[in-house]
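Please read the structure below before turning to the comments.
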Amino acid sequence: MIQICDHKLLIFLLLIMSVFACETTEILTFTGYEGGKVEIRCPYESGYEEQNKYLCRGECPVLNKDIPVESGSPAKDERFSLTDDRTTRIFTVTITDLRTEDQGKYWCGVRTGLGTYDVYTEINLEIKPVSVVSRVTGEHLNITCHYNSDLKNKIKFFCKGSDPSLCETSAIKVSSETNSNGRFSLRDDESAGVFTVTITDLTLKDSGIYWCGAGETGLKSKWISVTDLNINNDTSESESCKPTTTASDHMTKPATEDSESIRPVTSSTSSLPPSSSTLPPSSYSSSPKLQLGTYSVTYNNPIIQISLKTGHLGLFSSVFHGFSTVNIMALVMVIMMVFGLSLF
């Protein structure tokens, strides 16, 4: 009886050991931002190329696993997709439209064909809130990055790219090691736990996702914050400096006193009042004629003619063409009243 119990105990211990042998102790951390996407890369050992791969969410118990996506089957969540590169022995799970509730623990799983004892790699997914910043070209911008005290002595850096892991390796714009790089500069205030990145003379190409990070050469970096920078053309300044050219602007321009700058206006015959030769004899009897400065007013009943002798008065001829006799007579009366003149 004791031998049977010992035998069952041995089998139980072997099963427990097999479970721990199938789980790796390394925890892989991936970081994404709200609304963006993240690619979780899961390496596996040789010999499992033909096996099914999957991503398990949460604690991933032996029974009732939460598997949003698995190779060879439609994804339960359309935001999840899985590709398997059997040459490099890495399968990649992509999650799009990231949300804060996506943050947490996951497991990369590989089916072993040994029942419930699959190969697992623990994953920690971090989701960062994104700060949206809009500016116009030519401006300067300061971006502040607050960090915890454990990062005080780490190298601070600022990089561009939606994938922070690629951003860190190939798109660092500036770091605390160099402090400046072209239009980018970095100032670290260790006592306040904040470093500030300044970008001068913003251009349209500066638009994109930027990450504030800290770490050490050869070691995993810590991502602090993410900024979505949108740069637009500055059209307000050019519009305010360039006046809109319209006909009214030219007409309201003050006239100079220089007679050489005054050009006579030539009107077509259709715009002039009928000449006296075309009027009935009763309508052009001798009438009073008044000299008013540089122009003369001739009163003919029932038609008033304004003889214009300068370019200034030629402008009035164009303006008053088509006015009724009553309106013109009223205007003439006002002019005569101003100059103290009378037709009678």
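The table that follows gives values for the structure above.
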| read-out | value |
| --- | --- |
| Surrounding net charge for Arg183, when Lys and Arg each add one and Asp and Glu each subtract one, Cβ distance under 15 Å | +2 |
| Förster radius 45 Å - calculated FRET efficiency between Thr137 and Val194 (Cβ-Cβ, nearest 0.05) | 0.95 |
| Segment Ser71-Ser162, length gained on full extension (0.36 nm per residue, minus Cα span) | 30.2 nm |
| Geometric extent, Cα atoms of the range 128-235 - Rg, Dmax (angstrom) | 13.3, 45 |
| Å² of accessible area per residue within the range 75-180, as computed with a 1.4 Å probe and no ligands counted | 53 |
| Förster radius 41 Å - calculated FRET efficiency between Glu78 and Arg183, Cβ distance, rounded to 0.05 | 0.50 |
| Per-selection Rg to Rh, the range 74-132 - Cα, Kirkwood hydrodynamic radius | 1.03 |
| Computed Kirkwood radius, in angstrom, where 1/r is averaged over Cα pairs of the range 146-204 | 12.2 |
| Linear extension gain, Thr88 paired with Ala171, 0.36 nm per residue minus alpha-carbon span | 27.4 nm |
| Histogram of C-alpha separations across the range 27-121, 10 Å bin width, % | 16, 52, 29, 4 |
| Neighbour net charge for Thr200 - beta-carbon separation under 11 angstrom, K R +1, D E -1 | -2 |
| Whole-Å semi-axes of the range 64-211's equivalent ellipsoid (Cα gyration tensor) | 39, 18, 15 |
| Quotient of C-alpha Rg and 2.2 N^0.38 Å, computed over the range 31-85 | 1.24 |
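The values are calculated or read from the model by the stated rules, or taken from the named source; none is laboratory data. Small disclaimer: the values here were computed from a predicted structure and weren't measured. Using ideal geometry, Cβ is built from the backbone for each residue, glycine included, and neighbour counts are taken over all protein chains shown. With ligands, DNA and RNA removed, areas are computed over all heavy atoms of the protein, side chains included. Shrake-Rupley method; radii C 1.70, N 1.55, O 1.52, S 1.80 Å.
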